[in-house]
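A.B. asks: Have a look at the structure that comes next, please.
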Amino acid sequence: MTILLEGAPLAPPKREALRRTIADLFSSPFNAIVTVIVAGLIAAGLWAFLRWAILDAAWSGGAEACRAHSGACWPFVRANAQLMVFGVYPQDLLWRPALSLALMAGLIVASMIPRFWSLSLALGWVAVPAAVCLLLSGALVGPRVSTNEWGGLPLTLLVWMIAFAGAFVVATPLALARRSDMGGLRTAAVAVIELVRGVPMLVALYVSRFIVPMTAPGVEVNLFVSVETALILFVASYLAEIIRAGLQALPRGQAEAAAALGLGYWRTMQLVLLPQALRAVIPALVNLGIGVLLSTPLVAVIGMTDFLSAVREAASHEQDWPGCFTTAYFVAGLAFFSICFVASRYSRWLERHIRADGHA
Amino acid sequence: MPDLNARDIPRHDRPAIEFVGVHKWYGDFHVLRDIRLAVDPGERVVVCGPSGSGKSTLIRCVNRLEEHQKGAIRVHGLELTASAAQIDRVRREVGMVFQQFNLFPHLTALENCALAPVWAAGVKRREAEERAHALLAKVKIADQAHKYPSQLSGGQQQRVAIARALCMNPKIMLFDEPTSALDPEMVKEVLDTMTALAGEGMTMIVVTHEMGFARRVADKVVFMDDGEVVETGEPEEFFTAPRHDRARQFLGQLLR
Ligand SMILES: Nc1ncnc2c1ncn2[C@@H]1O[C@H](COP(=O)(O)OP(=O)(O)O)[C@@H](O)[C@H]1O
Ligand SMILES: [Mg+2]
């Protein structure tokens, strides 16, 4: 902190802000007391965490080591990493979910680079989930694996990816219908959007899994299909409103210029309005994506072994691995947090990157 | 500089644009009242009048950005009706340039120009881009072809907008106050582009208050007030001796 004391000529605004913040925190006796108490609580929390995660944690050995330490049980994570990441997928075929994970991660990373935004990338969002489904099910090579045995992080990502990609397909026409001149169409779109948005995701999952199949007795509906149907509709109802807002914000002159050039309704949408509208709502899209990812563990209630269920499954060996419960959930939380943190930083970067020159 | 007064442009008996007793309402508001107007092929018409008099509405009816409720509008004999196919045919003949440019901000100048030829007229991409390059060169911004609108000045954007409209090979061009949103030093470059276009025999309707341009280029000046065409005449005659009080008043304000 010598820079602060000696005064760094290069960073006066930062120093000034810090000085003002400190002044604010101690601006009155009451504020000073609150500041001290809060600082104490934060320090205590950090200390407790430090002890749990490092000082009192078991770092090597096996279950006995964890019994001997009161903190985190890291050997458990090493021993159960496979179960936590891949769920109950057959042991001898783990290359399939591993390859799936790599494919999906690759697509997501590619999607984050504006230079790659093109039709082929959109096709990638169809091709990769399809390939992963074929891979996991064993439809192409090797023994079949039922969707009930799919699990872990690949499943969570796959569920999320299909829900999001599918939602775009459903939400775009919904948003257009909602803005349509045709009253009946508009009313129908509003009804669908408001109905689905008025329902918690849990209810959507239950309805899709248990109520809908009742209307067709004898037909066995695949668990995966039930989950995706519910999620796609659910996400689409929110997405449609985001897309509509993006379209609404465009100046009228854009549609008029396109019309004057002889572009029809669909071409105008495809080439002029939607590309601009979607760019304008990227932060909202990323937010929705994070929200959906954080909601995916709900699919466990209708029997899917997603990433969090796999972790829970692993953490149920508390009597063998003392301390593993907390450790396992800490790891799961960290995984979700990391993904969302990166996503939100990315969203902010992207917003600035696009704003800077008015296009991507 | 071509001689703009040379009357060697072929005339047909059929007007390029024809308004026959056209009325339009916005709800209760009577915005166009009994418009009768004919524009010959190759003719350059300047429309002027006070703000809110219906000038924009008038030219926006020509390519059906606005719908009229009574009377008939014909473009090269094609009547504008609710028929989408008919509207399409008319729009293929008519290019439009807007006050706010309305370029597509997510596309480069070149892409702005090539978009409609490829997707609305079915021209091959290579060919469309060649033509776009040629027209950008014609409006003297060939070197800016790969820039986005936000990287161009107002005058450059408006010239791209003109090139974009020309890429569809229109026979008629409509201009709605093309220089009103420009900084003064950029007005000239846009007016020069339009003057050159007029020299090639393009049929033009230009809503503008640029009286110098009107005097140099227009064959006919149409003065509108309160939704009506109050006076039509040759530019020299209109500017030196307007027949109607309202026109005199308007010109008085303009010159002051
Ligand atoms: N979409 C609309 N709804 C209602 N009134 C309108 C609309 N567009 C224009 N007007 C009104 O019609 C009149 C003529 O508008 P406009 O043709 O834009 O005038 P000008 O171009 O001569 O300034 C104005 O009074 C304006 O307020
Ligand atoms: Mg106007």
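The values are calculated or read from the model by the stated rules, or taken from the named source; none is laboratory data. In this text, all values refer to a predicted model and were calculated from it rather than measured experimentally. Positions of Cβ are generated from backbone atoms using ideal geometry, with glycine treated the same way; all protein chains shown enter the neighbour counts. Surface areas here come from the heavy atoms of the whole protein model, side chains and all, with no ligands, DNA or RNA. Shrake-Rupley method; radii C 1.70, N 1.55, O 1.52, S 1.80 Å.
A.B. asks: Which value in Å is the Kirkwood Rh of segment A:1-141 over different Cα pairs?
C.D. replies: One decimal place: 21.3 Å for the Kirkwood radius.
A.B. asks: Could you give me the ³J(HN,Hα) list for segment A:270-286, computed from phi with Karplus coefficients 6.51, -1.76, 1.60 and θ = phi - 60°, whole Hz, x at Gly and Pro?
C.D. replies: So the Karplus estimates, Gly and Pro as x, are 5, 9, 10, 7, 4, x, 6, 4, 5, 4, 5, 10, 3, x, 5, 5, 5 Hz.
A.B. asks: If contacts are Cα pairs under 8 angstrom and at least 6 residues apart, what is the relative contact order of chain A in percent?
C.D. replies: 21 percent.
A.B. asks: Something else now. To one decimal place, what orientation-averaged projected area in nm² is obtained for the convex hull of the Cα set of segment A:90-244?
C.D. replies: Its Cα hull, projected and averaged over all orientations, spans 11.2 nm².
A.B. asks: While we're looking at this one, here's another question. Which residue, B:His68, B:Ser56, B:Ala82, has the largest displacement toward the positive end of the dipole of segment B:49-88 when charges sit on each Cβ (Lys, Arg +1; Asp, Glu -1)?
C.D. replies: B:Ser56
A.B. asks: Please sort B:89-97, A:98-106, B:237-245 by packing, taking for each peptide the average over its residues of neighbouring beta carbons within 10 angstrom, highest first.
C.D. replies: B:89-97, A:98-106, B:237-245
A.B. asks: What dipole magnitude, in Debye to the nearest 20, does chain B give about its Cα centre under +1 on Lys/Arg Cβ and -1 on Asp/Glu Cβ?
C.D. replies: It works out to roughly 480 debye.
A.B. asks: Quote the convex hull volume per residue of chain B, based on C-alpha atoms, as a whole number of Å³.
C.D. replies: Each residue corresponds to 138 Å³ of Cα convex hull volume.
A.B. asks: Also, I was wondering about something else. What value in Å³ per residue do you get for the convex hull of the alpha-carbon atoms in segment A:130-185?
C.D. replies: So the per-residue hull volume is 104 Å³.
A.B. asks: How much solvent-accessible surface does A:Ser60 expose, in Å² to the nearest 10, with a 1.4 Å probe and all protein chains in place?
C.D. replies: 80 Å²
A.B. asks: Can you give me the Kirkwood hydrodynamic radius for segment A:271-348, using every pair of distinct Cα atoms, in Å to one decimal?
C.D. replies: 14.7 Å
A.B. asks: So, one more: Counting only protein chains, not ligands or nucleic acids, how are A:Trp117, A:Trp125 ordered by accessible area (probe 1.4 Å), most first?
C.D. replies: These residues rank, largest area first, as A:Trp117, A:Trp125.
A.B. asks: Taking beta carbons within 10 Å but only from partner chains, what does the mean come to for residues B:92-101?
C.D. replies: That average works out to 3.
A.B. asks: Hey, any idea what % of segment A:146-314's accessible area is carbon plus sulfur with a 1.4 Å probe?
C.D. replies: Taking all protein chains in place, segment A:146-314 shows 68 percent carbon and sulfur surface.
A.B. asks: As I understand it, the dipole of segment B:112-228 uses +1 on the Cβ of Lys and Arg and -1 on the Cβ of Asp and Glu, about the Cα centre. Which of B:Asn169, B:Ala218, B:Thr195 lies farthest toward its positive end?
C.D. replies: B:Asn169
A.B. asks: Averaged over every viewing direction, what's the projected area of the C-alpha convex hull for segment A:146-314? Give it in nm², one decimal, please.
C.D. replies: 11.4 nm²
A.B. asks: Distances longer than 37 Å among the Cα atoms of the protein assembly as shown: what percent of all pairs is that?
C.D. replies: Above the 37 Å cut-off, the protein assembly as shown has 55 percent of its Cα pairs.
A.B. asks: Next up: What does the structure give for B:116-124 when I average, per residue, the other chain Cβ atoms found within 10 Å of the residue Cβ?
C.D. replies: For peptide B:116-124, the averaged partner shielding equals 4.
A.B. asks: Then there is this: Quick check for you: with a 1.4 Å probe and neighbouring chains kept, what is the accessible area per residue of segment A:146-314, in Å²?
C.D. replies: 42 Å²
A.B. asks: Follow-up. Apply the Debye scattering formula to segment B:171-256, with a single equal point scatterer on each alpha-carbon and no solvent, then give log10 I(q)/I(0) at q = 0.20 Å⁻¹.
C.D. replies: Each listed q maps to, in turn, -1.02.
A.B. asks: Considering all alpha-carbon pairs of chain A, what whole percent are spaced by more than 32 angstrom?
C.D. replies: 50 percent
A.B. asks: Please go through the residue pairs B:Lys55/B:Lys220; B:Lys140/B:Lys188; B:Lys124/B:Lys171; B:Lys24/B:Lys55 and name each one whose alpha carbons sit more than 19 Å apart in this structure.
C.D. replies: From the list (B:Lys55/B:Lys220; B:Lys140/B:Lys188; B:Lys124/B:Lys171; B:Lys24/B:Lys55), the Cα-Cα distance tops 19 Å for B:Lys124/B:Lys171.
A.B. asks: Total Å² of accessible surface buried at the A-B contact, 1.4 Å probe, nearest 100?
C.D. replies: 1900 Å²
A.B. asks: Next question, about the same structure. Taking θ as phi - 60°, what are the ³J(HN,Hα) couplings along segment A:17-23 by the Karplus curve (6.51, -1.76, 1.60), each to the nearest whole Hz, with x for Gly and Pro?
C.D. replies: Along segment A:17-23, the couplings run 4, 5, 4, 5, 4, 4, 4 Hz.
A.B. asks: Just to confirm the number: angle between the C-alpha axis of helix B:245-255 and the first principal axis of chain B, 0 to 90 degrees, nearest 10?
C.D. replies: 40 degrees
A.B. asks: Now a separate question. Compare the peptides B:128-140, A:40-52, B:157-169 by average per-residue count of other Cβ atoms within 10 angstrom and give them in order, highest first.
C.D. replies: Listed from highest to lowest mean packing, they are B:157-169, B:128-140, A:40-52.
A.B. asks: Starting with the highest mean, order B:47-60, A:154-167, B:187-200 by the number of other Cβ atoms within 10 Å, averaged over the residues of each peptide.
C.D. replies: Descending packing order for the listed peptides: A:154-167, B:47-60, B:187-200.
A.B. asks: How would A:Met214, B:Met211 rank on accessible area, largest to smallest, probe 1.4 Å?
C.D. replies: The ranking, largest first, comes out as A:Met214, B:Met211.
A.B. asks: Then there's this: Please compute the average number of Cβ atoms from other chains found within 10 Å of each residue's Cβ in peptide A:251-258.
C.D. replies: 6
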